[in-house]
Amino acid sequence: MKVLLFSMQKDTEGLGLKFIHYDLLAQGHDSSILFLPRFHLESVGRRQELKRFIDTHAPGLVGVSLMSQEYEKARILTRFLKEYVPSLPVIWGGIHPTIDPTSCLEEADYVCIGEGEQTMREVCALLDRNQPITGVGNLCYLEQGTLRRNPLYPLLANLDTLPSYEHVAHNSFILHRETIQPLTPQINRHYAPYLGRTYSVLSSRGCPFACSYCCNSLFNQLYQDKKIRRRSVEHVIQELERAIRDYPELKMINIQDDCFLAYNIKQVRQFFAEYNRRIGLPFIVHVIPTYLTEEKM
């Protein structure tokens, strides 16, 4: 299956989309990412450029990842795509579609609720066989105006089974200076945080809290299993070793876990024993004050 994934973020990080992209590649699908960090379609040139890109890649499926602040851009993009290729199925996923699938289905054909790896695997496998996808887990869609919401797949228990992504994603493109170009490390510096010199990694998924202002409060309602799921130390360190080997310009590691220090002290010591020995770069972690102790510092 030829899949085209759109990132509406203002930068080129898109960690969730990269996980899905590399998982589809590992499944043998022809997946591409198009980053649209400064997106608009106000000029004829941009519209023609996007049409040219669609014609060249001829996707059989489009996925759009968005947060709430990117809704309007995703709406404009999707209407453009549906006008140009009406038969092209479009799935929206990410935080905003998970929170508000009903309004998103005014624009998209399908919405993916929650984590998307298993859903996208099944969708692509079925489309490859010209079979309907309406029974795939996590999907929402409208059937004669009625919202259909499929049961959720269980959360992936072993995060080590997911392939690692690259700092500059393989088979990725970007709308840069009015043309769509392959994303290179040189172009990435214009859009990535910290001029592309910081590598972002997730060593876990989940959060011990469910703050009302945060999407984790909804995830804790969606999923019964609220445990934090962690990758093994070796799996994370190997990813970081590949990153600093392939991108020697990297100067810092950004550990983007919701609360990295929710690890107990034994786990923290185990991680940083390997990190200091094999990586050694300055790092950023996100913490919740109640998990920050002098011993962990």
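Here are some notes:
- Flag for GLU49 being in contact with a Ser or Thr (Cβ under 8 Å, 6 or more places away or on another chain), among the charged types (D, E, K, R) and closer than 23 Å to ASN171 by Cα: yes
- Answer residue from segment 237-273, given it is charged (D, E, K, R) and surrounded by fewer than 16 Cβ atoms within 10 Å (Cβ to Cβ) and is nearest to PHE19 (Cα to Cα) among those: ARG242
- Contact annotation: residue pairs with Cβ atoms under 7 Å, 6 or more positions apart or on different chains, pairing a residue in segment 175-199 that is under 22 Å from ILE54 (Cβ atoms) with a partner that is basic (Lys, Arg) and in a helix (DSSP H, G or I), are GLU178/ARG46.
- Residues satisfying the stated conditions in segment 282-297, i.e. assigned to a helix (DSSP H, G or I) and not aromatic (Phe, Trp, Tyr): PRO289, THR290
- Any hit, segment 278-285, residues being within 26 Å of THR161 (Cβ to Cβ), hydrophobic (A, V, I, L, M, F, W, C), over 21 Å from the mean Cα position of the chain (by Cα) and surrounded by 12 or more Cβ atoms within 10 Å (Cβ to Cβ): yes
- The strands (runs of 3 or more DSSP E) falling completely within segment 126-190 that include 3 or more residues that are farther than 21 Å from GLU13 by Cβ and in contact with a strand residue (DSSP E or B) (Cβ under 9 Å, 6 or more places away or on another chain) map to 139-143, 146-149.
- Residues that are closer than 18 Å to LEU292 by Cβ and assigned to a strand (DSSP E or B) within segment 231-281 comprise ASN254, ILE255, listed in sequence order.
- Scanning segment 91-106 for residues that are surrounded by 20 or more Cβ atoms within 10 Å (Cβ to Cβ) and not small (Gly, Ala, Ser), we see that the one that is nearest to VAL3 (Cα to Cα) is ILE91.
- Comparison of LEU250, LEU240 shows that the only residue that is under 19 Å from GLY196 (Cβ atoms) and touching a strand residue (DSSP E or B) at 6+ places or on another chain (Cβ under 6 Å) is LEU250.
- Scanning segment 221-236 for residues that are over 21 Å from GLY14 (Cβ atoms) and surrounded by fewer than 18 Cβ atoms within 10 Å (Cβ to Cβ) yields GLN221, LEU222, TYR223, GLN224, ASP225, LYS226, LYS227, ILE228, SER232, VAL233, GLU234.
- Test for LEU36: is it within 22 Å of ASN188 (Cα to Cα), crowded, with 18+ Cβ neighbours inside 10 Å, within 18 Å of the chain's Cα centre (by Cα) and not hydroxyl-bearing (Ser, Thr, Tyr): yes
So that you can scan it fast, the table gives a plain yes or no per residue for (1) assigned by TED's automatic domain parsing to the domain that holds ARG205; (2) touching a helix residue (DSSP H, G or I) at 6+ places or on another chain (Cβ under 7 Å); (3) under 23 Å from LEU147 (Cα atoms); (4) buried (at least 16 other Cβ atoms within 10 Å of the Cβ):
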residue	(1), (2), (3), (4)
PHE19	no, yes, no, yes
SER31	no, yes, no, yes
VAL44	no, no, no, no
ASP55	no, no, no, no
PRO59	no, no, no, yes
ARG75	no, no, yes, yes
VAL85	no, yes, no, yes
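- One residue alone among CYS207, CYS214 is surrounded by 15 or more Cβ atoms within 10 Å (Cβ to Cβ), on the phi < 0 side of the Ramachandran plot and in a loop (DSSP other than H, G, I, E, B), and that residue is CYS207.
- Qualifying residue in segment 202-209 (condition: under 21 Å from TRP92 (Cβ atoms), modelled with pLDDT of 95 or more and within 18 Å of the chain's Cα centre (by Cα)): no
The values are calculated or read from the model by the stated rules, or taken from the named source; none is laboratory data. Keep in mind that what you see is a predicted model, and the values were worked out from it rather than measured. Positions of Cβ are generated from backbone atoms using ideal geometry, with glycine treated the same way; all protein chains shown enter the neighbour counts.
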